[in-house]
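Notes for the one structure printed next.
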Amino acid sequence: MEDISISEPVRRQLRTALLEELDLITSIRESSQVAVPGEPGTYSCDCTVAVRRPLDPETAELKELRVLLRKMETGWLVSSIEGLSTEKEVGEPEP
């Protein structure tokens, strides 16, 4: 697979969820990409990554993620990711 870059909104999402960019990229490279019908140049892949736990960062849990990729001239761009915890789930107290 060609180079994979990550959009800034996805980078923020990864930082919030304590997920390393390299771990995501490695998992994407090991997964099969499937064309998204009706969206030329857009592909999805399902991958599994180890995500550090917010209150115990020395341990991790496996998360199933769905990643959307856009085919660019220079490689692939991770445009969105589903399956990570939201900021509220990561550490904000309940209202």
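The values are calculated or read from the model by the stated rules, or taken from the named source; none is laboratory data. If you're wondering where the values come from, they're calculated on a predicted model, not measured in any experiment. Every residue, glycine as well, gets a Cβ built from its backbone with ideal geometry; the counts of neighbours run over all protein chains shown.
Name every residue in the stretch 1-39 that is in contact with a Phe, Trp or Tyr (Cβ under 9 Å, 6 or more places away or on another chain) and touching a residue at least 60 places away in the same chain (Cβ under 8 Å), in order of residue number.
We begin by selecting, within the stretch 1-39, every residue in contact with a Phe, Trp or Tyr (Cβ under 9 Å, 6 or more places away or on another chain); these are 1-5, 28, 33-36.
Selection gives M1, E2, D3, I4, S5.
Considering the stretch 1-27, and only residues there that are under 20 Å from E61 (Cβ atoms) and not aliphatic (A, V, I, L, M), the residue that is surrounded by the fewest Cβ atoms within 10 Å (Cβ to Cβ) turns out to be R15. Picking from residues in the stretch 19-35 that are touching a strand residue (DSSP E or B) at 6+ places or on another chain (Cβ under 7 Å) and aliphatic (A, V, I, L, M), the one that is modelled with the lowest pLDDT is L19.
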